[in-house]
Every structure is written in structure tokens, then in C-alpha cells.
């Protein structure tokens with residue numbers, strides 16, 4: 001069966017990565033293409049399940065790493081007897097101690113953020129101020145600690161997917177009414193701030209903080 | 001001229017078909033726009049379907065575009081109006097508590113459980129790629145960098161994982 005050219009837009013649409021024009025084009029398309037709509041529904045179910053039950057994948061991710069360590073241990077044990085193994089361990093410890101003593105340490109450790117496979121930036125973290133705890137109502141603004149002058153902040157709010165994203169030079173942003181209208185009591189949301197320098201380089205990223213809008 | 005009984009039956013059959021075909025599509029679009037938990041979803045969908053039917057009966061749909069495009073236009077316009085109305089209301093009144101349809105929630109839960117089970121059966125490499133790509137929402141290049149593989153390989157893994165999931169849950 002020939003693949004519809006719009007199929008490649010499904011992920012972009014569900015993860016809010018399409019431009020406004022492409023989003024409209026794709027929406028009009030799936031009103032006309034039963035095959036794409038069927039695939040869209042199926043993908044939406046899968047993505048929503050991953051978003052809400054990531055533990056299924058995280059546990060497996062951790063579990064998948066355990067056998068590697070176990071296998072190495074097993075292979076070493078098969079290769080060396082206990083005495084040789086102990087000797088190898090002590091030698092490795094001495095080697096590590098020498099390396100730590102010899103290699104100069106930088107005075108200030110700056111965290112690194114990997115952007116893509118070719119880009120890495122260094123900077124500090126951003127402290128989020130509000131909301132960081134569960135709220136009795138939908139928050140009207142989001143606030144974080146200012147990093148300095150000439151910094152542009154990008155704030156993203158998520159529920160199961162990206163709900164809203166904007167940029168500002170202030171350390172506070174007021175939520176537009178149309179976004180507030182989408183945020184409902186009893187739902188969990190999370191938010192994150194990224195800071196960009198005057199040349200557009202990413203200089204800091206906050207942690208992704210989750211909060212619940214309590215039911216009245 | 002009055003409709004003949006057979007014509008009337010025909011129109012009713014067409015409308016029935018229209019409802020069956022477009023209700024899920026309109027529902028999906030509405031939920032994406034106003035949030036799946038909104039109590040207004042079902043009312044809005046029914047209202048849009050009624051509007052579509054009225055416009056077809058009154059001859060407003062002249063077949064210049066496809067029926068799908070016509071339904072899409074009516075749906076989009078109504079969603080924009082709804083968000084405008086809602087924004088005005090929200091300034092003065094608190095949001096009512098969500099009241100999800102228990103039947104629908106049950107169906108969704110069953111389907112979601114099937115997907116969870118299928119996700120659990122996948123090999124770790126497929127689970128990792130789905131976690132990074134869909135949960136962490138990393139780009140294809142970022143996933144490639146994290147996993148130490150090429151972006152093309154990321155696409156292959158994601159596509160194959162989705163194929164395995166669809167096969168497992170028979171979607």
C-alpha cells in the first residue's frame with residue numbers, strides 16, 4: 001500500500017512541532033483522509049500511554065543496564081581467580097587515586113547541557129520560584145530567578161504534551177486567558193525555563209517542575 | 001417541491017453516515033484544541049455536527065470543496081468562537097469541575113492497558129528510543145546523540161517499535 005505523504009506529519013502534530021500553516025494543512029487533510037485519521041488516533045493512544053505510564057519504559061531502561069554489569073562481572077570472574085581479581089581491583093584503585101591526584105581540577109564546575117550531537121553549552125541552572133507546589137487554582141503567572149541582563153527566557157508548559165511556549169526578557173510571565181482556559185482542576189502540569197544569551201546560545205536550563213491544580 | 005419519501009429516507013441515511021464518519025474526527029480535533037478533560041467537548045461536537053447538517057440541508061455546502069474540508073472549516077470556526085467565549089467567561093467565573101464520561105474513560109483505560117502491556121514486551125532498545133523520543137520529546141538528532149546511533153537509525157527504531165506495538169494491540 002502506498003504511504004500518504006501527510007503520514008510523516010503525525011508525530012509533529014501530536015508533539016506540537018508543526019508550524020501553524022502545516023498544522024492547519026494536516027488538520028484539513030485528516031478530515032479528508034480516513035487512513036491518516038486512523039493512524040493519527042493510534043499514534044495518539046500510544047503517545048498518551050507513554051506520557052502517562054513512562055514507568056513501563058523507565059524500569060525497562062534501568063533493567064536493561066543491569067545485565068551488562070552482571071555480565072562483565074561474570075566474565076571477569078570466569079577469566080581471573082579470586083586472588084587475581086582482588087589484585088586487579090587494588091591496582092585499579094591505585095590507578096584511579098593517582099589520576100585524581102595528578103590531573104588538575106577546575107575551580108568552578110559548570111554543568112554542561114548537550115543540545116545536539118555537535119553542540120554543547122555550559123552554564124548554570126535556573127531556579128523556578130512559582131508555581132513549584134500544588135495550586136488551589138490555575139496559576140495566573142509563572143516566575144523564576146533572574147540570571148542577569150540581556151538574557152531571553154523560553155518558558156514551556158506541559159500537560160500530556162506541550163501546552164504553551166513563549167519567550168520573554170523578564171523573569172516572570174503572565175498566562176494568557178486562552179491557555180488558562182485549557183488548564184483544568186485535578187490535572188497535573190509541568191513547566192521548564194531555558195535561558196538564552198544575546199547571541200541566542202542556550203546558557204541555562206531549569207529542572208522540569210510538576211504541579212497539580214487541585215480540585216475545589 | 002416537497003421531498004418524496006424515498007428522498008427523505010436517502011437524506012436521513014446520508015446524515016446517519018455523516019454522523020458515523022465525522023463524529024470521531026470532530027471529537028479528536030475538539031479535544032486537541034480545548035483539552036480532553038473539558039466537560040464541554042461532547043456538547044461542542046454535537047453542536048458542530050448539527051451546524052454541518054443544517055448547512056448541508058440549507059444548501060450552504062455547494063460541493064466547491066470536499067465534504068471533509070467543509071466539515072473541517074465549520075469545526076475550526078466553532079472552536080475559535082468557543083475559545084473566545086470561554087476566555088470571556090473565565091475572567092469572571094471559576095472553571096467547573098471535570099466530569100468525564102465513565103464509559104469512555106473505561107474504554108480508553110482498556111486500550112491504554114493494552115498499549116502498556118505491549119510496551120512492556122518490547123526489547124530495551126525500542127523502549128529506550130520511544131522514551132527519549134515521545135516522553136522526553138527529544139528531537140531525532142538528540143536521541144541519536146544520546147543513544148550513539150545515526151538519526152536515520154533512530155527513525156528506523158521508532159517506526160519498527162510502532163509497527164510492533166500496532167501488531168501487538170491490533171490497531
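The set of residues from the range B:1-41 being in a loop (DSSP other than H, G, I, E, B) and at pLDDT 65 or above comprises B:35, B:36, B:37, B:38, B:39, B:40.
When the range A:150-182 is filtered for residues that are under 22 Å from residue A:49 (Cβ atoms) and more than 17 Å from the chain's Cα centre (by Cα), only A:182 remains. The set of residues in the range A:152-190 being touching a helix residue (DSSP H, G or I) at 6+ places or on another chain (Cβ under 9 Å), farther than 25 Å from residue A:12 by Cβ and either touching a residue at least 12 places away in the same chain (Cβ under 8 Å) or part of a strand (DSSP E or B) (or both) consists of A:180 alone. Taken over the range A:24-48, residues that are at the interface with chain B (Cβ under 10 Å from one of its Cβ atoms) and under 21 Å from residue B:140 (Cβ atoms) amount to 8.
So that you can scan it fast, the table gives a plain yes or no per residue for (1) in a helix (DSSP H, G or I); (2) more than 7 Å from chain A (Cβ to nearest Cβ):
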position: B:110; (1), (2): yes, yes
position: B:116; (1), (2): yes, no
position: B:133; (1), (2): yes, yes
position: B:137; (1), (2): no, no
position: B:145; (1), (2): yes, no
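Within the range B:38-55, the residues that satisfy the criterion of being touching a residue at least 24 places away in the same chain (Cβ under 8 Å) and away from chain A (no Cβ under 14 Å) are B:42, B:47, B:51, B:53. Evaluated against (1) without any contact (Cβ under 8 Å) to a residue 24 or more places away in the chain; (2) in contact with a helix residue (DSSP H, G or I) (Cβ under 9 Å, 6 or more places away or on another chain), residue A:16 falls short on exactly one condition, (1). Take the conditions (1) surrounded by fewer than 15 Cβ atoms within 10 Å (Cβ to Cβ); (2) at pLDDT 80 or above; residue B:88 misses just one of them, which is (2). Only one of the numbered conditions (1) crowded, with 16+ Cβ neighbours inside 10 Å; (2) within 10 Å of another protein chain (Cβ to nearest Cβ); (3) at pLDDT 90 or above is not met by residue B:69, and that is (1). Of all residues in the range A:12-53, those satisfying the criterion of being buried (at least 19 other Cβ atoms within 10 Å of the Cβ) and more than 17 Å from residue B:71 (Cα to Cα) are A:13, A:14, A:39, A:40, A:43, A:44, A:46, A:47, A:48, A:49, A:50.
The values are calculated or read from the model by the stated rules, or taken from the named source; none is laboratory data. Quick caveat, the model's predicted, so the values are computed rather than measured. Glycine gets a Cβ as well: all are built from the backbone with ideal geometry, and neighbour counts include every protein chain shown.
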